[in-house]
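> Next up is a structure, given as structure tokens.
Derivation of every value follows stated rules applied to the coordinates shown; laboratory data play no part. In this text, all values refer to a predicted model and were calculated from it rather than measured experimentally. Note that each Cβ is placed from the backbone with ideal geometry, even for glycine, and that neighbours are counted across all protein chains shown.
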Amino acid sequence: MSRLVTVAAAQMGPTQRADSRAHTLDRLIRLLEEAAGRGATLVVFPELAFTTFFPRWLLDGDDLDRYFERAMPNPAVQPLFDRARALGVGFNIGYAELTPSGERFNSAILVQPDGSILGRYRKVHLPGSVEPRDGARFQQLEKRYFSYGDTGFPAFRAGEAWSGAILGMMICNDRRWPEAWRVLGLQGVELVCVGYNSAAYDPNGGTGEDASLRTFHSTLVAQANAYMNATWAVAVAKAGDEDGSGLIGGSCIVDPDGRIVAQAQTLGDEVVTAVCDLDRCRQGKEKMFNFGQHRQPAQYGPITERAGVIEPPQAAPPAAA
């Protein structure tokens, strides 16, 4: 029998700084209910789904702390967990985590339909800077507000409700790094959940990227890496105009051949669904990307030995005649 999971990409429109937690939670629950009505048993929400993308602002003290969750779940978000369990739907959702020891992470959690927590993940590839950029209208200060994730890229085996799927998580910028996908691929991943809040402009300054190009890149990496690791991928945006700062949409569900099977068409709250046959991963995993037969890890040393680029030396000038 095929191993089927109906998955929903629950794209969110913008969440403004002035929006209340209750208002945002109501939107999340409505998206969850719509997805359940379409038969989904796994709903993927965006990065930092409970808040605006606050790293665009220079913040400290209570102005910063109010965006962080000290536990997950907690009383402020419990209604989402309760509604999901009542509907028999699980979900993946991103949030800002403040640990008991005071560490801060850009995190995500994977909750099964029975309400049990299958896994947690902390974002590894943090973009932006620690210090604000002079003259920039909007900042990208994830390196200021978050520590680098310390979980690695774990895969998790789900229960029967999700057909024993092997699932992994990434957050936003992680999806641009093939190493993240390959680590999951080496654990046999069959479905990768990715939430993102990606600027509709170059967040590091310059005019070389616009919303169209950044949406293309977002879709490109989901398609290419799903194919190269023979996995389903569900990439989900928080999109639209947040307090004058644009976020791309393009939420999509991609099959193990790298084909888009469902994609959002707006920059607002929108649900798209697909029935994901996990056994379709077998073709790629057993043939073209049969890692055990074809990988040559002894030749890949520079990938883990260095972070930056080391260029080859300049060629020596020709000897005089």
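> Under the Karplus relation 6.51 cos²θ - 1.76 cosθ + 1.60, θ = phi - 60°, what is the ordered set of whole-Hz ³J(HN,Hα) values for region 242-248, x standing for Gly and Pro?
9, 6, x, 10, x, 10, 6
> Here's a follow-up. Can you tell me the Rg and the Dmax, both Å, for the Cα atoms in region 155-198?
When restricted to the Cα atoms of region 155-198, Rg and Dmax are 11.0, 34 Å.
> So, one more: Residue by residue, what Karplus-based ³J(HN,Hα) values in Hz, rounded to whole numbers, does region 304-321 have, using 6.51, -1.76 and 1.60 with θ = phi - 60° and x for Gly and Pro?
Values per residue, Gly and Pro as x: 10, 8, 8, 9, x, 7, 10, 7, x, x, 4, 5, 5, x, x, 5, 5, 5 Hz.
> May I pose another question? Pull up all non-local amide H partners of Ile171: gap of 5 or more, or a different chain, and H-to-H distance under 5 Å with H placed in the peptide plane.
Val124
> Principal axis extents for the chain, Cα atoms only, whole Å, descending order, please.
Extents along the principal axes: 83, 57, 40 Å.
> Quick one: work out Rg over Rh on the C-alpha atoms of region 48-198, Rh as Kirkwood radius.
Rg divided by Rh gives 0.98.
> Are there trypsin sites (Lys or Arg not before Pro) in region 79-147 that DSSP puts in a loop and that have at most 11 other Cβ atoms within 10 Å, and which ones?
Arg137
> Of the residues Phe138, Phe45, Phe91, which exhibits the maximal mean-square fluctuation in a Gaussian network model of the chain defined by a 10 Å Cα contact cut-off?
Phe138
> So, one more: Provide Rg and Dmax in Å for region 241-305, with only Cα atoms included in the calculation.
Reported Rg and Dmax, both Å: 18.3, 51.
> Only Cα pairs within less than 10 Å get springs; with that Gaussian network setup on the chain, which residue of Gly308, Gly152, Gly240 has the largest fluctuation?
Gly308
> Using Cα pairs closer than 8 Å and at least 6 residues apart in sequence, work out the relative contact order for region 215-321, in percent.
In percent, rounded to a whole number, it is 21.
> What is the sum of charges, Lys and Arg at +1 and Asp and Glu at -1, for the other residues whose Cβ falls under 14 Å from the Cβ of Leu25?
Working: positive: Arg21, Arg27, Arg30, Arg83; negative: Asp19, Asp26, Glu33, Glu69, Asp82, Asp269.
Every neighbour counted, the sum reads -2.
> Can you tell me the Rg and the Dmax, both Å, for the Cα atoms in region 144-236?
Cα radius of gyration and Dmax of region 144-236 are 14.5, 48 Å respectively.
> Please give the calculated 222 nm ellipticity per residue for the chain, where each DSSP H segment of at least 4 residues contributes -39500 (n - 2.57) and the sum is spread over every residue; nearest 500 deg cm²/dmol?
-6500 deg cm²/dmol
> Here is a further query. Where is the GNM fluctuation largest for the chain (alpha-carbon springs, 10 angstrom cutoff): His23, His125, His294?
Of His23, His125, His294, the Gaussian network model singles out His294 as fluctuating most.
> Would any residue of region 44-66 have its amide N under 19 Å from a label point 7 Å out along Cα→Cβ of Glu131? List them or say none.
56-60
> Give me the mean projected area, in nm² to one decimal, of the convex hull enclosing the Cα positions of region 34-111.
Over every viewing direction, the Cα hull of region 34-111 projects on average to 5.6 nm².
> Taking only the Cα atoms of region 173-227, how large is their convex hull per residue, in Å³?
Normalising the Cα hull of region 173-227 by residue number yields 77 Å³.
> Continuing with this model, one more query. Based on Cα coordinates alone, diagonalise the gyration tensor for region 1-80, multiply each eigenvalue by 5, take square roots, and list the semi-axes in whole Å, largest first.
Details: eigenvalues 162, 32, 30 Å².
Equivalent-ellipsoid dimensions as semi-axes: 28, 13, 12 Å.
> Normalized C-alpha radius of gyration of region 132-187, against 2.2 N^0.38 Å? Don't skip to the answer; put the middle values down first.
Values: Rg = 16.1 Å, N = 56, 2.2 N^0.38 = 10.2 Å.
That works out to 1.59 for region 132-187.
> Continuing with the same structure: At a Förster distance of 35 Å, what's the computed FRET efficiency of Val261 paired with Ile310, Cβ-Cβ distance as r, to 0.05? Each step should come with its number before you reach the end.
Details: r = 40 Å, r/R0 = 1.16.
Computed FRET efficiency for Val261 and Ile310 comes out at 0.30.
> In whole Hz, what ³J(HN,Hα) sequence does region 162-176 give by Karplus (6.51, -1.76, 1.60; θ = phi - 60°), x for Gly and Pro?
Each residue of region 162-176 in turn: 10, 6, x, 4, 9, 10, x, 10, 9, 9, 6, 4, 3, 5, 7 Hz.
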